[in-house]
Amino acid sequence: MAKNSVVVTEDDLEQQFRGDDKKFAVQLLDSEYREHIWRYIKSICCYFTDDEIHDVYQQALGEFIRCVKKSDFDPHKPLRLIQRIAKFRAIDLARRKRASRLRNSGDLIEVLAKDLKDTRVSLEWRMILREEWPRFRQALDEAIEGLPPKQQTAALAFLEVYEVIREENSYRALAERIREMTGEDCTTVQASDNWRVARKTIAAKLRRQKFHLLIEE
């Protein structure tokens with residue numbers, strides 16, 4: 001079948017998967033719906049690079065093929081199945097990226113300590129760096145993960161550009177990073193507002209974990 005010679009509908013795919021040639025059915029799905037699934041992955045995590053989207057798609061396709069090979073495979077709506085798998089793999093990657101950023105946030109603690117020099121809070125930050133960083137990282141990760149989408153994006157972006165924000169005394173860099181992550185317009189005012197709301201929520205959650213570190217402005 002020549003690519004794009006006909007429009008392959010979801011019903012057509014289902015019929016192919018109900019037949020005996022499952023390998024051809026997978027090839028058909030891949031050739032006809034790859035771009036569609038890529039866009040779907042992008043819609044879930046719009047800050048993913050093309051390479052990351054490719055990796056998520058390949059993982060999802062591999063897992064989908066393993067499902068197809070099982071004796072209890074249900075051929076009903078195969079496109080919906082691979083999209084569901086792709087969604088979970090995209091979320092997994094997003095969590096790993098966030099965890100990686102948090103694991104590498106030792107530099108952030110040092111910068112914050114400079115901001116809070118000669119204060120009791122500075123000493124607490126430095127204690128965390130030495131002794132309780134894993135527990136703090138988990139608490140911070142959970143606090144950020146529970147935020148609404150825009151606030152969560154602002155918090156993750158803030159972790160990445162904190163030093164620039166402090167050096168420039170402006171949230172311009174935060175707005176720019178949010179635009180890069182989401183592909184959506186975001187003004188400096190919107191960025192700072194989303195971060196301040198997120199910051200209050202994060203601070204409250206950290207205080208419940210006995211981390212009295214983010215002092216509300």
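Looking at region 130-152, can you tell me whether even one residue there is under 21 Å from residue 182 (Cα atoms), modelled with pLDDT under 85, assigned to a helix (DSSP H, G or I) and open to solvent by less than 90 Å² (accessible area, probe 1.4 Å)?
Yes: one or more hits.
When the residues of region 187-206 are narrowed to those that are among the β-branched types (Val, Ile, Thr) and part of a helix (DSSP H, G or I), which ends up least open to solvent (accessible area, probe 1.4 Å)?
Residue satisfying both the conditions and the ranking: 202.
Which pairs turn up if I take residues in region 60-87 that are closer than 14 Å to residue 16 by Cβ and assigned to a helix (DSSP H, G or I) and look for partners that are open to solvent by 30 Å² or more (accessible area, probe 1.4 Å) and among the basic types (Lys, Arg) with beta carbon separation below 8 Å, at least 6 apart in sequence or on another chain?
68/22
Find the residue count for region 161-186, including only residues that are aromatic (Phe, Trp, Tyr) and in a loop (DSSP other than H, G, I, E, B).
So the answer is 1.
The values are calculated or read from the model by the stated rules, or taken from the named source; none is laboratory data. Owing to the predicted nature of the structure, the values given are computational and were not obtained by experimental measurement. Counting neighbours? That spans all protein chains shown, and the Cβs are built from the backbone with ideal geometry, glycine included. Heavy atoms of the whole protein, side chains included, go into the accessibility calculation; ligands, DNA and RNA do not. Shrake-Rupley method; radii C 1.70, N 1.55, O 1.52, S 1.80 Å.
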